[in-house]
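One structure below.
What follows is calculated from the coordinates using simple rules that are stated; it is not laboratory data. What you see is a predicted model, and the numbers here were worked out from it, not measured in a lab. FYI the Cβ positions are ideal-geometry reconstructions off the backbone, even for glycines, and counts take in every protein chain you see.
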Ligand SMILES: Cc1ncc(C[n+]2csc(CCOP(=O)(O)OP(=O)(O)O)c2C)c(N)n1
Ligand SMILES: [Mg+2]
């Protein structure tokens, strides 16, 4: 845990821990539950120290059963608690889908607002950490396709803290996707002085530019920022938008950027077919058609089961693939 | 070369594993060999409770008949009747204290009504004008739950939360025999036992999951026996013996309230009607079986015993029947009124605040409605 006297850069994992810690200290109804979240502090150490500080009734090692974890969280929320559930890995959240889709997402609507579900489901997601199969899925499209859920994902250390605080305070259920490979990314962010963050539902321009817009989120943000730097050599000044919140979707910020630049590429790790990029490209096209100089392109993971670790570098959208897409944005027409 | 011949082998002594013993004694958790009964055993009967049970059984049966009739008149989209299972439904409602919570399945409208919920609100789901027609917190009745067994972990979580808060609230969760095959049944019972949550699971074993008989569902000695595997007591009760179900439930609820942990109860009963009005039960069972269960009907059993013991007379029986008719007439009248529908409600309460996306779609629907009205 980072403290005021300890000025070393904080990691995203520490920022997430701090967000839960601060929320638990402020609000006694916040409970953390999941597999290995107590004594061990989670397999990624994101709940480190919470059981020690708040006791095992507030940060609970549950039996190993994801539907049971989320299902009991529903009951706890019915009684007025605010559960924060940790799913150990993306692919191990699947047993909880029925609870998530049939109850968590629908409860407010089916009870005409009488019963909210202020539950956060934290899911470490995405690849790039050399994980063997079932440890690297990008499952965001499944969640996005479920009305009633909010779906957010931080890409920076600051946002990890701010967005998780927002998610815990939110009366709607939030699927909080944590980009695994950014867990150890660092920043000078200090928990004592958390910078104000945009609320859930707002996208943020991380790098202003004028030639084209890269629309991205989570683990692909650093890739896009790197691509934008590299693109300068080609004479392209790329704008990079960090979507942050996939649901609700910030059409306003996204479209303002695309209307300004006239070109857009959506970048994500998740499979392209049926993936978030299709929805985003459609929304942008529907709203910004007359400003577009080229079709909206997608750079996504291939439409394959997540590959074994020794081959994952070929699957993950990298800087070159992003630049190739940018090159295909019909620049010739301009000259 | 054997291990004994290895240099230094003389010093090697394998440590024996620690002696194994079961973590808890399974014997006290086992259900009785026969379903527990009160009626016909000569046990003492509490007259006010018996009369209350009787009145509710009669009312409940009339409610089921009326609701089924309403499906034929197109007033309900569907009705899964609990005819034959009224003893379980009624006892579940009466065994709970006001502060306790009930977690019903789609078949348990009657339990909700017997608990005092307005019948029209209880039937909202099955009429189809909304999903849940009441505020679950106000009545401490969770929404009638259709995805099988998924309500069970909710009951565990709620009971656990109540205990953490220091409230002596108990959750009673209802599930069918088929539902015990679902993963959520297993997970809920396991969580409940590990957390020692104040929750009671009542399985209404009515013989069928739609068309599938229990033999195709499980090889367990009984559903109550499953409790032992989780480390909680299992109880077997005659589900058509209303005082017996009430007693077993009351004992389990009391035990949970005192911090004794969860109980699994299997009530052996029978679904006299088809799965729902849309089902054809002749495809999977014969009338002889149904007729045999008619002999063991919950109302008939209780009425017979109360009459024989002089605890109820003709007037009492007539009064219960009349009260049930009055209820049915009121229900008919209420359900014959068209429900107020507002299509714009579709976009309400999907989220706390309406997203831009839903605002756009709501505007589209509003425009369509206005065009239609012109
Ligand atoms: C998860 C799930 N699978 C399938 C169904 C469809 N279904 C509705 S009721 C039912 C049978 C349930 O039988 P049982 O649990 O014995 O309850 P009963 O209807 O007899 O009260 C089935 C298969 C469902 N509602 N939920
Ligand atoms: Mg059944």
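Taking other C-beta atoms within 10 Å as the exposure proxy, B:253, B:210, B:141, A:304 rank A:304, B:210, B:253, B:141 from fewest upward.
Counting, for every residue in A:96-103, the Cβ atoms of other protein chains within 10 Å of its Cβ and taking the mean gives 3.
A crude spin-label estimate for the pair residue B:309 and residue B:282, with each label 7 Å from Cα along the Cβ direction, gives 4.1 nm. Relative to the longest principal axis of the Cα atoms of chain B, the long axis of helix B:314-336 lies at roughly 70 degrees.
Look at where the Cα atoms of region A:147-193 and of region B:107-141 average out, and the two centres are 38 Å apart. Between residue B:65 and residue A:171, the distance separating the two model label sites (each 7 Å from Cα on the Cα→Cβ line) works out to 4.5 nm. Per-residue shielding of B:191-200, expressed as the average number of other chain Cβ atoms within 10 Å of the residue Cβ, stands at 2.
Fewest to most neighbouring Cβ within 10 Å: what's the order for A:125, A:183, A:79? The partial results should precede the final answer.
On the way: A:125 28, A:183 19, A:79 22.
With the fewest neighbours first, A:125, A:183, A:79 line up as A:183, A:79, A:125.
Modelled spin labels at residue A:291 and residue B:13, positioned 7 Å past Cα toward Cβ, are 8.3 nm from each other. Build a GNM of chain B with springs between Cα atoms under 10 Å apart, and of B:115, B:13, B:107 the one that fluctuates most is B:13.
Just for chain A, what percent of DSSP beta bridges are antiparallel, to the closest 5? Walk me through the numbers before you get to the answer.
Values: 7 of 40 bridges.
Bridges in chain A that DSSP calls antiparallel: roughly 20 percent.
Roughly how many Å is it from the Cα centre of region B:317-374 to that of region B:247-316, as a whole number? Their Cα centres are 34 Å away from one another.
Per residue Cα convex hull volume for chain A, in cubic angstrom? In chain A, the Cα convex hull volume per residue is 132 Å³.
I'd like the distance between the alpha-carbon centres of region A:60-116 and region B:52-74, rounded to an integer number of Å. What the calculation gives is 35 Å, centre to centre.
Exposure proxy shown here: for B:296, B:246, the number of other Cβ atoms within 10 Å sets the order, fewest to most, as B:296, B:246.
Using only the Cα atoms of region A:11-189, each taken as one equal point scatterer with no solvent, compute I(q) by the Debye sum, divide by I(0), and report log10 of the ratio at q = 0.18, 0.20 Å⁻¹. With no solvent term, the Cα-only Debye profile gives -1.16, -1.47. Using a Gaussian network model of chain A with C-alpha springs under 10 Å, which one of A:30, A:197, A:157 is most mobile by mean-square fluctuation? Checking each option, the largest mean-square fluctuation is seen for A:197.
The calculated 222 nm mean residue ellipticity attributable to helices in chain A amounts to -9000 deg cm²/dmol, summing -39500 (n - 2.57) over DSSP H runs of n ≥ 4 and dividing by all residues.
Would you kindly calculate the mean projected area, averaged across all directions, of the convex hull enclosing the Cα atoms of region A:204-334, in square nanometres? Each step should come with its number before you reach the end.
Values: hull surface 30.6 nm².
The orientation-averaged projected area of the Cα hull of region A:204-334 comes to 7.6 nm².
Residues considered: B:98, B:56, B:303. Largest GNM mean-square fluctuation over chain B, using C-alpha springs under 10 Å, is found at B:98. Calculate how steeply helix A:157-169 sits against the longest principal axis of the alpha-carbon atoms of chain A, using the helix alpha-carbon long axis, and give the answer as 0 to 90 degrees to the nearest 10. Between helix and principal axis, roughly 50 degrees.
For region B:226-374, what class follows from the C-alpha gyration tensor (a ≥ b ≥ c being the square roots of its eigenvalues): rounded when a/c is under 1.5, otherwise prolate if a/b is larger than b/c, else oblate? It is prolate, given that a/c is not under 1.5 and a/b is the larger ratio.
Students often check this: by mean Cβ neighbours within 10 Å, which of A:253-260, B:324-331, A:81-88 ranks highest, and how do the rest follow? Could the numbers behind the result be given before it?
Values: A:253-260: 19.4, B:324-331: 16.1, A:81-88: 26.1.
Top to bottom by mean Cβ count within 10 Å: A:81-88, A:253-260, B:324-331.
Would you mind putting B:354-365, B:59-70 in packing order, based on average other-beta-carbon counts within 10 Å, highest first? Let's see the in-between values first.
Details: B:354-365: 14.1, B:59-70: 22.1.
Going by the mean number of other Cβ atoms within 10 Å, highest first, we get B:59-70, B:354-365.
Once both axes come from the Cα atoms, what is the angle between helix A:251-261 and the longest principal axis of chain A, in degrees from 0 to 90, rounded to 10? With rounding to tens, the tilt is 20 degrees.
Given the rule -39500 (n - 2.57) for each run of at least 4 DSSP H residues, summed and divided by the residues of chain B, what is its mean residue ellipticity at 222 nm, to the nearest 500 deg cm²/dmol? Please list the in-between numbers first.
Details: 14 runs with 163 residues, N = 374.
Mean residue ellipticity, 222 nm, calculated: -13500 deg cm²/dmol.
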